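Only the coordinates and a few stated rules stand behind these numbers; no lab work does. These numbers come from a predicted model, not from an experiment. So basically every Cβ, Gly included, is an ideal-geometry build from the backbone, and we count neighbours across all protein chains shown.
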Amino acid sequence: MSTGSPVGSHRVVSPAGALPQAADRLDPDPEIADDEVRISVERLNLDAASYRQLHDAHGGDGEAVRAEVLAIIERRGKMHNPVTGSGGMLIGTVDAVGPRSPLGLKTGQKVATLVSLTLTPLRIDDQLARWDGRSEQVPTSGHAILFARSIAAVLPDDLPEHLALAVLDVCGAPALVRRVVSRRPERTAAVAVIGAAGKSGSLSLAAARDAGAAQVVAVVRDEIEAAQLRGSGLADEIVVADATDPLLLAKKVTKALDGDGADVTVVCVDVPGCEHGAILATATGGTIVFFSMATSFPAAALGAEGLAADVEMLIGNGYVPGHADYALALLRANPHLKDLFIDRVDHANRQIAGLFEQEQA
Ligand code: NAP
């Protein structure tokens, strides 16, 4: 058994010297190094921005989406969407553990990987035959490799797998929101969450409340999403606005906050073009968390400069210590949030349930 690099650089095929996330191509050889773990893959959860891009690029043609995802995995040795640069995560069963792996995993455990698919060596052996290309969750089989510095969570046994997977995919958002809101002086923060009815958005609302935010504003795309949030207790105000319309977004958020901007703005949409609205909707000295993978660094940086906006801007690092446990705890503690979340993944859920029934028949 060979010795691996803790950061997985020994798996990089090209370009030489890159780390796995930046690599064009990884080697998904099933033979593990002494500090690696091999996972027998059961389901991929494609990142929302990636899935939306693929869906839109193929005009909703599921077969074409399926073929492209398969081609990306075969070409790159990982599921790394070259357009959005994002991936997602997966669930599976621990299949082999190298003697020097520090991850504390045991064979047979059902786990979710908490590191991005963009850096996870992956080989699929079923041609994605059980997926119709019409949902973010992809039932499949094959194997994936975790390095010494990867992270994985053992799946909880009190939540359906597809639900846990969807929560864990975005668990960095609520943990970061809690950290940012908690450090505001005397916790007087007014928080605006853009894309608030989505998965990371609804968890961020709950985290803002949990962290003691003085006021929580939910920005949603339409009346349907507003109705989903109403009565949930997750937000004080619900604002319907297109997040890509900066002037309208800022006007509606500041109106909801009696003329002030938000102290903390969290961008959880899955479409590009939301940077300027978020900047305009944020108070001087406030903080913007760009959790969305569709965020453009130049648009955010130059937009803030061009608007002379003195705001702190954070990239939503998907890793915050304790993030998985915190997100799951929020869901367990809040039935409204859980219902919202279940509704959100319901579409994918129904498809997967149908597939399980077919498998068991
Ligand atoms: P999601 O559940 O699909 O939620 C996105 C929400 O944004 C949806 O409610 C969507 O509404 C709404 N939206 C889309 N366009 C909008 C617009 N123009 N105006 C207002 N709302 C709009 O997505 P998610 O899983 O929470 O992911 C959100 C983002 O986080 C994605 O970009 C994803 O890639 C990223 N992400 C980041 C990390 C990280 O580590 N930083 C990890 C995972 C995911 P509709 O459903 O009606 O379109």
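Annotations for the structure displayed:
- Residues that are part of a strand (DSSP E or B) and either farther than 22 Å from Ala283 by Cα or aliphatic (A, V, I, L, M) (or both) within the range 217-239 comprise Val217, Ala218, Val219, Val220, Ile238, Val239, listed in sequence order.
- Where Asn81 falls short, out of the listed (1) assigned to a loop (DSSP other than H, G, I, E, B); (2) more than 16 Å from the ligand (Cβ to nearest atom); (3) not charged (D, E, K, R): (2)
- Within the range 30-67, the set of residues being of a type in the set (Asp, Glu) and buried (at least 16 other Cβ atoms within 10 Å of the Cβ) comprises Asp35, Glu36, Glu42, Asp47.
- Matching residues in the range 1-29 - criterion: being surrounded by fewer than 18 Cβ atoms within 10 Å (Cβ to Cβ), outside any loop (DSSP other than H, G, I, E, B) and without any contact (Cβ under 8 Å) to a residue 24 or more places away in the chain: Ser9, His10, Ser14
- Of all residues in the range 192-214, those being surrounded by fewer than 24 Cβ atoms within 10 Å (Cβ to Cβ), more than 9 Å from the ligand (Cβ to nearest atom) and part of a helix (DSSP H, G or I) number 2.
- Residue within the range 269-276 that is within 25 Å of the chain's Cα centre (by Cα) and either away from the ligand (no atom under 14 Å from the Cβ) or not in a loop (DSSP other than H, G, I, E, B) (or both) present: yes
- Sub-8 Å Cβ pairs linking a first residue in the range 207-233 that is without any contact (Cβ under 8 Å) to a residue 12 or more places away in the chain to a second residue that is more than 10 Å from the ligand (Cβ to nearest atom) and of a type in the set (A, V, I, L, M, F, W, C), at least 6 apart or interchain, are Arg230/Ile238, ordered by first then second residue.
- The set of residues in the range 127-175 that are more than 16 Å from the ligand (Cβ to nearest atom), touching a strand residue (DSSP E or B) at 6+ places or on another chain (Cβ under 8 Å) and within 17 Å of Arg344 (Cα to Cα) contains only Glu161.
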